[in-house]
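Take this structure, written in structure tokens, and hold onto it; I'll ask about it next.
The values are calculated or read from the model by the stated rules, or taken from the named source; none is laboratory data. The structure presented is a predicted model; accordingly, all values stated were derived computationally and were not measured. In this analysis, Cβ positions are derived from the backbone assuming ideal geometry, glycine residues included, and neighbour counts consider all displayed protein chains. Just the protein is used for accessible areas: all its heavy atoms, side chains included, with ligands, DNA and RNA removed. Shrake-Rupley method; radii C 1.70, N 1.55, O 1.52, S 1.80 Å.
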Amino acid sequence: MLTYEEITKSEAIKTYIIRADESLGALGFTEHSFAHVIHVAQTAGYILQTMGFDSRTVELAKIAGYLHDIGNLVNRKDHSQSGAVMAWSILNDMGCDPAEVATIVTAIGNHDEGTGVPVNAVAAAMILADKADVRRSRVRNQDPATFDIHDRVNYSVTKSTLQIDENKRFVTLQLSVDTAFGSVMDYFEIFLQRMMLCRKAAEKLGLQFKLNINGQQLI
């Protein structure tokens, strides 16, 4: 069976991730390279492992997380769908089981808030992992005077953690926000749709989604 480790060692996949991130950089988007995809892979794996899913499903979530943004190589628009098609080809070429290809491709094709739906557990975990990755280090622009709202919001987040409580009832995104750079309202202005998708993803896993900013529960 194809493993997450094998996927991360693929030079072709590494190239696609690098080039996709370069394209987004040229368009002014935040970092979507290895720091992001590895974070998503590991967090998606943590979510399913904590919720008691079998080790193979956890592995599939990690593979999906690592591959989820390669569609940005084609175009930012509809990148989840183009990424799913790319992943289908890559995984088939690597000898992945068709049923597992289907699970991974479905998750990738449903991770974007514009069109995504948490149709299975892997998709739900990846949505939560992806949308929770808000942090200062993702901002490429280092001149606060020229920040747009996306730069301000990401730069304002000095710490971000996603945790499931010990009773497995809640999944909480905890953010520490430096309001000198961005306000809580700024966060909601650009990320409200993402947070609503996170709520649906949490429900798919039998959890309730909570958002805590600077010690205050907002969702």
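Would you kindly state how much longer the chain becomes between residue 75 and residue 189 on full extension, computed as 0.36 nm times their sequence separation minus their alpha carbon distance, in nm to one decimal?
Full extension of this stretch gives 38.6 nm more.
In whole percent, how big is the carbon plus sulfur part of the accessible area of region 69-219, probe 1.4 Å, protein atoms only?
For region 69-219, the apolar C and S fraction of the accessible surface comes to 49 percent.
For the chain, what is the relative contact order in percent, using Cα pairs closer than 8 Å and at least 6 residues apart in sequence?
Relative contact order of the chain: 17 percent.
Let me ask something else about it. Counting DSSP beta bridges in the chain, what percent are antiparallel, to the nearest 5?
If we restrict to bridges inside the chain, about 60 percent are antiparallel.
Roughly speaking, what is the stretch gain from residue 22 to residue 217, that is 0.36 nm per residue apart minus the C-alpha to C-alpha distance, in nm to one decimal?
66.6 nm
Hey, rough spin-label estimate for residue 117 and residue 179, points 7 angstrom out along Cα→Cβ, what's it come to in nanometres?
The answer from the label model is 3.9 nm.
Right, something else. Give, in whole angstrom and from largest to smallest, the semi-axes √(5λ) of the equivalent ellipsoid of region 63-219, with λ running over the eigenvalues of the Cα gyration tensor.
29, 20, 12
Under a 1.4 Å probe, what is the accessible area of region 96-160 per residue, stated in Å²?
Per-residue value: 37 Å².
Kirkwood Rh over Cα pairs of region 1-155 into Stokes-Einstein at 10 °C, 1.306 mPa s: D in µm²/s?
The Stokes-Einstein estimate is 102 µm²/s.
Related question: Please find, in a Gaussian network model of the chain (springs between Cα atoms separated by less than 10 Å), the residue of 206, 83, 116 whose mean-square fluctuation is greatest.
206
While we're here: Residue 28: net charge of surrounding residues, Cβ under 12 Å, Lys/Arg +1, Asp/Glu -1, itself excluded?
Residues near residue 28 contribute -1 overall.
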